[in-house]
Amino acid sequence: MAAAAAIDVQDLCHWYGSGSMRRQVLQGVNLRVAAGEVVLLTGPSGCGKTTLLTLVGALRQVQQGSVRVLGQDLQGAGRRERQQLRRSIGMIFQGHNLLRCLTAEQNVQMGSDLLPGLSYRVRRDQAREWLRAVGLGDQLNKLPHDLSGGQKQRVAIARALAARPRLLLADEPTAALDSKTGREVVELLQRLAREQGCAVLMVTHDPRILDIADRLVRMEDGQLSEAEPMGLVTSG
Amino acid sequence: MSLEPVRAQPLTVQRWLAGLWQRRGIPLSLLLLTRQPVRLAVALAGISFAGILMFMQLGFRDGLFDASVTIHRLFDADLVLISPRSTSSVSMAGFPKRRLVQAMAAPEVEGITPVHWNLLLWRNPETRGTRSILTLGFEPNDPLFTDPSLAPKARLLTQKGRVLFDEQSRPEFGPVASWFKAGRTVESEIAGKRVRVAGLVGLGTSFGADGNLLTSSETFLELLPNTPPGSIEVGLIRLKPGSDPAAVAKRLQTQLPSDVTVLTKQGFIDFEQNYWRTSTSIGFIFTLGAAMGFVVGCVIVYQVLYSDVSDHLPEYATLMAMGYNLISLLGVVAREGLLLAAFGYLPAYAAGQGLYLLVRSATQLPVFMDTTRAVTVFTMILVMCMASAGLAMRRLADADPAEIF
């Protein structure tokens, strides 16, 4: 079980700034996410959730403590190792962050283009398949500009999953959506991730979507604690 | 059997190309450019403008240098004798004709033509205004130009006071050609003496001469009675087939006294071009003009690419977060530069052709789109775009994937 953990964080500390401006944002964080597990991370803003996400996502250099993601130790990992690892991590952002000059299909293919050894046609067909899976099979050739917020976020999910990640990180994916659309998007995300056996770590403020999680963790002042799912039934 | 390996070769190349084709991704650079038509139009306008400027400036420069030797190219000669005091076609000094005769002693020499060369004042028969015209005097029976059509006309010069007028001379010399073709007897004055046009030749204007006139040595000396006896300005030497002009020139130079310089025909052409290149600011001015075009183009392409990268910085950061490496993103910008160079060159080339046509008809300068210049300008545009792309790439270093969460 330990070897199969998607995320294994131990005694992680992180600081921003230097000298007298130096401020500690993470104070001995411990977190373990098993393969295929869906974990939601909540907490007040500014408590370090996003910092944790960027460290786990290999976007930032680890300062102190141990971070193992998909079996790889990120302590002291170089730029190139982190970039390689990121290919196995799907990321979904608050904003959709789609490429404005690409159609929905091309945006998703930017994800499947990361897969080695597949012909252009196969990668394109996969991109289409993913768009159908998120319910946008009829919007293939639309530019992000012409899609609604929910549709854009669904394209972003398709793009993240098209690279066949084993871990999906999401930072408030419902922030820019109304509650109904947000709920739909997150359910879709959870269902597809489960089908792929892909672990999910999602930061959210949205109390309406907490029930999709296997487990809930709460962060406060740079420290994590297991949270009760507030009376809601956990899935699975 | 033996055909097998030969056939295998293209197949592997094909397979390799097919492999590359299969491995291709989304053409991000192309889409970045084409989905922002206004930005693309600005970039292409800038590049084309720079390209046109370079085409024009370099075209003028080369055209002027080329034009300076219009006459020089026509001579039927392997070696040319000139005075060391001559600096260019507009200031040819005399040397003893005897030197040319002495050169005949060399076994390789087949024939010689002494040529008088000077700028004389021609009176426009219509407006009576005067203008200097390049006048060449030679023995009408001697070969002068490689063009065989001259010989029958040259015979007309045996009569005293007759000249052959270059119909490509600038119009300021008067409607000589049209009058002559209309059957009129065209007479005018050169250096105050009356001459009659016996025929027309097509030579072309050059840098130093707006028009050309051919006449016999006898008439020439009559027009310029102060010419020292036995003095000529240019001596043409024709060698027997198979001899090496450079070697003969070298030997003659050592054998003849130092009051004469022996040049090959190409050396004679270079001598003239070198004057305009080094002793005037023409080369500098036009090269500077081309450099200005280059700099302006650089600034425009850099601006366009820099703002393009800046505008898409969050998207580049997203791609990095997805696992694309910096190299592949730098490649996107580099390919944008490459595409801009290719797309921007085509209109510049087309406009260059059109403008050269315009220049040729307006100035009679021999400005043509030659391959060297076409390649030079493309190289300049390529360097311009790639250098700008290289500078714009530095902006990519600011794409921090950690910032986009």
Roughly what % of DSSP beta bridges within the protein assembly as shown run antiparallel, to the nearest 5? 65
Between the Cα axis of helix A:120-133 and the main Cα principal axis of chain A, the angle (0 to 90°, nearest 10) is 80
Got a sec? How would A:Ile89, A:Ile7 order by Cβ neighbour count within 10 Å, fewest to most? A:Ile7, A:Ile89
Nearest 0.05, what FRET efficiency do A:Arg80 and B:Val299 give at R0 = 25 Å with Cβ-Cβ as r? 0.10
Taking only the alpha-carbon positions of segment B:1-151 and ignoring solvent, what does the Debye formula give for the base-10 log of I(q)/I(0) at q = 0.10 Å⁻¹? -0.71
Sites B:Gln353 and B:Glu218 - FRET efficiency at Förster radius 45 Å, r taken between beta-carbons, to 0.05: 0.45
Return the lysines within reach of B:Lys97: Cα separation strictly under 29 angstrom, same-chain partners fewer than 8 residues apart disregarded; answer none if there are no such residues. B:Lys153, B:Lys160, B:Lys193, B:Lys240, B:Lys250, B:Lys265
Point-to-point label distance, A:Val122-A:Gln61, nm (Cα→Cβ direction, 7 Å offset): 3.8
How far is it, in nm, from the label point at B:Gln253 to the one at B:Gln266 when both lie 7 Å from their Cα along the line to the Cβ? 1.4
Global size of segment B:198-321 as Cα Rg and Dmax, reported in angstrom: 28.1, 90
Rg to Rh, two decimals, where segment B:264-317 supplies the alpha carbon set and Rh follows Kirkwood: 1.46
How long are the semi-axes of the equivalent ellipsoid of segment A:110-236, taking √(5λ) for every eigenvalue λ of the Cα gyration tensor, in whole Å from largest down? 29, 17, 12
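Find, to one decimal place in angstroms, the Kirkwood hydrodynamic radius of chain A, where the mean of 1/r is taken over every pair of different Cα atoms and then inverted. Before the final figure, lay out each step's value.
Values: mean 1/r = 0.0549 Å⁻¹.
Answer for chain A: a Kirkwood hydrodynamic radius of 18.2 Å.
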Please state, to two decimals, what the Cα-based radius of gyration of the protein assembly as shown comes to when divided by 2.2 N^0.38 Å (N = residues). 1.58
Determine how many Å³ per residue the convex hull of the Cα atoms of segment B:84-259 encloses. 121
Under 8 Å for C-alpha pairs, at least 6 residues apart: give me the relative contact order for chain B, rounded to a whole percent. 27
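Any chance you could tell me what percent of the C-alpha pair distances in segment B:70-167 go past 16 Å? Spell out each step's value before the answer.
Numbers: 3068 of 4753 pairs.
Within segment B:70-167, distances greater than 16 Å cover 65 percent of Cα pairs.
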Please list the three semi-axes, largest first and in whole Å, of the ellipsoid equivalent to chain B, using sqrt of 5 times the eigenvalues of its alpha carbon gyration tensor. 60, 26, 20
Given 37 °C and 0.692 mPa s, how large is the Stokes-Einstein diffusion coefficient of segment B:34-94 in µm²/s, with Rh as the Kirkwood radius over Cα pairs? 210
Using a simple charge model, +1 on the beta-carbon of Lys and Arg, -1 on the beta-carbon of Asp and Glu, nothing else, what dipole does segment B:84-259 show about its Cα centre, in debye to the nearest 20? 260
Taking a label point 7 Å from the Cα of B:Ala362 along the Cα→Cβ vector, which residues of segment B:43-69 have an amide N closer than 20 Å to it? B:48-68
Quick check: the angle from helix B:265-278's long axis to the longest principal axis of chain B, C-alpha only, nearest 10 degrees? 60
Suppose only helical runs count, i.e. DSSP H with n ≥ 4. What mean residue ellipticity at 222 nm does that imply for the protein assembly as shown under -39500 (n - 2.57) per run, divided by all residues and rounded to the nearest 500 deg cm²/dmol? -14500 deg cm²/dmol
Mind giving me the nanometre distance, one decimal, between the label points for A:Ser20 and B:Leu20, set 7 Å out from Cα along Cα→Cβ? 6.0
Cα-based reach from A:Lys180 at 27 Å (exclusive), listing lysines while leaving out same-chain residues under 8 positions away: A:Lys49, A:Lys142, A:Lys152
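Each reported figure results from applying straightforward, stated rules to the coordinates on display, with no laboratory input. Note that the coordinates shown come from a computational prediction; the quantities given were computed from them, not determined experimentally. Positions of Cβ are backbone-derived with ideal geometry, glycine not excepted, and every protein chain shown enters the neighbour counts.
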